[in-house]
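Structure first, then comments.
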Amino acid sequence: MKRLRLALVPLLGLAVLSLAAEPVAAQTSVTSELINGLNNKLMWVAVPITILVEAILLYTVLRFKDADEAKPTKENRRLEITWTVATAVILLFVGVASYGVLANDNVVFQNDKQEIAPQEDDVVVHAEAFQWGWRMSYPEENVSASGTTIVIPKNQDVYINVTSTDVIHAFHVPKLGLKQDAMPGQVSTIKTVALEEGTYQGYCAEFCGVAHSQMMFTVEVVSQEEYEQYIQEQKSSSQNVEPQQSATTLAAN
């Protein structure tokens with residue numbers, strides 16, 4: 001019995017540490033908040049189950065390690081009913097918690113829901129993948145992004161349309177909780193709301209060829225004022241480039 005108590009000390013210490021852990025830091029987006037929140041809920045279920053199973057395992061090893069012959073177990077209907085009900089309750093909790101996240105449009109966006117279509121003030125970004133790079137644009141504003149950097153406003157609905165021109169790629173921004181396959185000839189949409197200003201690294205998460213590792217891009221979350229200024233700058237740049245191209249064409253002719 002003494003050995004069993006000594007063996008349970010590390011498990012109890014693990015339980016105390018899990019309960020005393022620091023709270024999760026501020027989330028960068030609604031999407032990451034939902035996903036991390038679900039993970040935390042599932043941890044509250046997984047840790048006690050792990051401790052219970054390990055405790056039973058240690059007890060069994062220490063209690064019966066010197067037994068010469070194995071004895072058949074006896075039927076215990078009450079125990080069977082108990083663990084069946086407990087398992088059903090746990091699975092029900094996991095199912096309800098998971099459905100609440102997976103049914104959220106900021107995690108799995110459904111294009112066929114008309115009530116959640118982009119509104120006038122929402123931001124729409126088009127991310128087109130190719131071997132081996134990205135073309136970023138704002139179709140509602142009729143402007144292209146500068147290089148492979150997407151600028152989006154904080155606390156605003158953002159819709160990112162992801163597609164590919166050749167093979168399967170993947171649009172992935174881990175810290176914002178964003179990930180979507182880029183399929184050739186198909187447009188898939190991610191919806192999110194950024195909560196923290198900053199610069200976030202994105203990349204292709206689907207092996208797509210020899211230069212796969214070069215498919216990097218950046219997402220910058222800024223204030224609404226900075227976002228509007230950026231869009232105006234992009235519009236001005238595109239207007240200045242067009243007259244220059246026309247003059248060059250005339251000179252060549």
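Any read-out appearing in this document is the output of simple, stated calculations on the displayed coordinates, not a laboratory observation. This one's a predicted model, so the numbers in the text were calculated from it and none came from an experiment. Glycine also receives a Cβ, built like all others from the backbone with ideal geometry; neighbour counts cover every protein chain displayed.
Approximating the spin labels as points 7 Å out from Cα along Cα→Cβ, the Gln201-to-Gln224 distance works out to 3.3 nm. For the range 167-219, applying the loop criterion from DSSP together with a ceiling of 14 other beta carbons within 10 Å to the GluC sites (Glu not before Pro) yields Glu197. With the highest mean first, a sort of the peptides 224-231, 61-68, 167-174, 128-135 on other beta-carbon atoms found within 10 angstrom per residue produces 167-174, 128-135, 224-231, 61-68.
Only lysine pairs 8 or more places apart, or on different chains, with alpha-carbon atoms under 25 angstrom apart are counted in the range 32-182, and they number 7.
Under a point-charge model restricted to the Cβ atoms of Lys and Arg (+1) and Asp and Glu (-1), what is the dipole moment magnitude of the range 119-238 relative to its Cα centre, in debye to the nearest 20?
Taking the Cα centre of the range 119-238 as origin, the dipole is about 480 debye.
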